[in-house]
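These notes are about the structure you will find just below.
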Amino acid sequence: MFESSPPPSLPPPVLKDEVDIVIPTIRNVDFLEKWRAFFEPYHLIIVQDGDPSKIIKVPQGFDYELYNRNDINRILGSKASCISIKDSACRCFGFLISKKKYIFTIDDDCFVAKDPTGKEINALQQHIKNLVTPSTPYFFNTLYDPYREGADFVRGYPFSLREGVPTAVSHGIWLNIADYDAPTHLVKPLERNKRYVDAVMTIPKGALFPMSAMNLAFNRQLIGPAMYFGLMGEAQPAGRYSSMWAGWCVKVISDHLGLGVKTGLPYIYHSKASNAFLNLKKELKGIFWQEELIPFFQSVSLPKECNTPQQCYIELSKQVRDKLGKVDDYFIKLSDAMVTWIQCWEEMNPSPSSSQSQPLSLPTLENDAAIILSNGSA
Ligand SMILES: O=c1ccn([C@@H]2O[C@H](COP(=O)(O)OP(=O)(O)O[C@H]3O[C@@H](CO)[C@H](O)[C@H]3O)[C@@H](O)[C@H]2O)c(=O)[nH]1
Ligand SMILES: [Mn+2]
């Protein structure tokens, strides 16, 4: 592990042995140079998509594992078919191979954003803070995140709900090029997001959201098994819907398990719009299917016997087969891939502490919160 003391201006890297940074790339990882101050103390898992013979040069000084398609096939054998080819969905292999408690995943064209004061945003540290502080899915706090410095629960907020629930997901957003779908990019090619909203919110129970994996973190022990990004890209009818699919599965399972999903800070600066015309072709089926997928996910009910993310995910795969198989045969294939993913998860994470565990209770997470606070980096 590369030992480096952070530059004097930076607080010590929080929970650096509890976090893996997962990067999917079909290009290069030169962007890491811009993140060095924030990422260098952490371990990286780089998932190389596309031609495995292409050499990915990683900037000096980073501690990393790099996996290409040959590695994925070698490690998973016949089950490697559940990991997409030629789509950012391949990133979920990094979630599978990690052994850490927290995951932060970021695209290779995302850079350090600045807040309105011009200060560089340490996105990873904000995600960790989001993950180690509770969520409030059952009752909306109009002053947004009550656990932030200078905020609290407002009058009328039930005291019985103020402890909150463990946070499973921290969904960050983007300055400059927002994660728009192809039709929106096509009609608004010059639009750039310059609006910085200083808020973190819990997405209420029962509400779905369009998850983007561009700037995303999650508690791997609480919800990792549900973070499967599906069958996208090469030889598949749809592409670029991997993170939305995963987000819908994650949200219904988090709601069922009493876990929270937050969105808002931190921002990253997204520099490159992918080709909107190519994206339109990849997204087309997804644009039509999602009109049927949303009612499906809104109607999902999971039995109370399902009390781990794995059990929830297997049950969800059955409902995908039964209810979405009528929409297209693709969903039968996807349902099978969901089961294969859980088999991979169980094989790669055999110890009960990481796979069959019950959702962590708040006190376990409070230890991490205490570490953050004691670092004075909250
Ligand atoms: O075939 C591929 C394509 C891309 N990647 C890597 O995935 C991320 C995102 O790629 P890109 O920046 O080109 O795509 P965006 O439209 O900006 O990002 C959104 O679409 C999703 C991509 O499907 C992504 O999750 C969203 O944020 C980069 O790191 C590429 O190198 C890949 O591995 N394989
Ligand atoms: Mn991009």
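Protection proxy ranking for 231-239, 293-301, 97-105, using the average of other Cβ atoms within 10 Å per residue and placing the highest first: 97-105, 231-239, 293-301.
Considering all projection directions equally, how large on average is the shadow of the alpha-carbon convex hull of region 231-300, in square nanometres?
Numbers: hull surface 24.9 nm².
Over all viewing directions, region 231-300 projects a mean Cα-hull area of 6.2 nm².
Note on LYS188: lysines with a C-alpha under 16 Å away, same-chain residues under 8 apart excluded, are LYS272. Convex hull volume per residue, computed on the Cα atoms of region 153-249, equals 150 Å³.
With every protein chain kept in place and ligands, DNA and RNA left out, what is the accessible area per residue of the chain? Probe 1.4 Å, answer in Å².
Value for the chain: 43 Å² per residue.
Estimated translational diffusion coefficient (Stokes-Einstein, Kirkwood radius over Cα pairs, 25 °C, 0.890 mPa s) of region 191-232: 181 µm² per second.
From the P(r) of region 1-114, can you give the percent of Cα pairs sitting at distances over 18 Å? Pairs farther apart than 18 Å: 50 percent.
From Cα pairs below 8 angstrom and at least 6 apart in sequence, can you work out the relative contact order of the chain, rounded to a whole percent? Before the final figure, lay out the partial values.
Working: 710 pairs, mean separation 74.9, N = 378.
That works out to 20 percent.
Across q = 0.11, 0.14 Å⁻¹, region 173-302 modelled as identical point scatterers on its alpha-carbon atoms has Debye log10 I(q)/I(0) values of -0.43, -0.70, in the order of the q list.
How large is the helix-only mean residue ellipticity at 222 nm for the chain, computed as the sum of -39500 (n - 2.57) over DSSP H runs with n ≥ 4, divided by its residue count, in deg cm²/dmol to the nearest 500? Could you put the intermediate results ahead of the total?
Values: 11 runs with 125 residues, N = 378.
It comes out at -10000 deg cm²/dmol, rounded to the nearest 500.
When +1 charges are put on Lys and Arg Cβ atoms and -1 charges on Asp and Glu Cβ atoms, the dipole computed for the chain relative to its Cα centre reaches about 520 debye. The value obtained for region 94-215, namely the Cα convex hull volume divided by the number of residues, is 155 Å³ per residue. Within the chain, the proportion of C-alpha pairs whose separation exceeds 29 Å stands at 39%. Ellipsoid semi-axes for region 264-324, based on the Cα gyration tensor and the rule √(5λ), read 31, 19, 10 Å when sorted largest first.
The values are calculated or read from the model by the stated rules, or taken from the named source; none is laboratory data. Everything numeric here is computed off the predicted structure, so don't read it as measured data. All Cβ positions, even for glycine, are placed from backbone atoms using ideal geometry, and neighbour counts span all protein chains on display. The area values use the complete protein model at the heavy-atom level, side chains included, leaving out ligands, DNA and RNA. Shrake-Rupley method; radii C 1.70, N 1.55, O 1.52, S 1.80 Å.
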